[in-house]
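FYI, it's all coordinate maths here, none of it is from the lab. Quick caveat: nothing in here was measured; it's all calculated off a predicted structure. Cβ atoms come from the backbone with ideal geometry, glycine included; neighbour counts cover every protein chain shown.
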Amino acid sequence: MVYHNNVKEYADAAQEYHDKMIVIFKEADAIRADSDAAHKEFVKAQEAADEQHRLFIQTQKEIRELNKVIIGLKRKTKESKDESIREQAKKEAEEVYNQFKLGEKLNTEDLMLLQRSGLL
């Protein structure tokens, strides 16, 4: 009877631990399900962040290209403006030169204009 009581005691203890193990496995399954859901959300967030980063890089590239275009336009505008100023100065110098050829008196500014234009 002593052995029978020991066996019964061990069997009861085994059943108790088995029942606790089942409860813990169910808790682990629930935690795993929550973990899987959280991981899916993390992956979605990471993919969204990657997409935003890709768009940011693309936008930066577009901004650099637009800056190049703007710089080119500014350069062309400045060159065009400088050319317009040179043409105007050349016209003025030619008028003064024609006055000179006709024997009209020239002042110092007129002479400097002729000198800058290369007509003297």
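To the nearest ten degrees, helix 2-101 and the longest principal axis of the Cα atoms of the chain are 0 degrees apart. Angle of helix 108-117 to the longest C-alpha principal axis of the chain, folded into 0 to 90 degrees and rounded to 10: 60°. Taking 28 Å as the straight-line reach from the Cα of Lys105, the lysines in range (excluding those fewer than 8 positions away in the same chain) are Lys90, Lys91.
Other residues within the sphere of radius under 12 Å centred on the Cβ of Lys40, judged by their own Cβ, net out at -3 (K and R +1, D and E -1). For volume of the Cα convex hull per residue in Å³, the candidate list reads (1) 119; (2) 139; (3) 108; the entry that matches the value derived from this model is (2).
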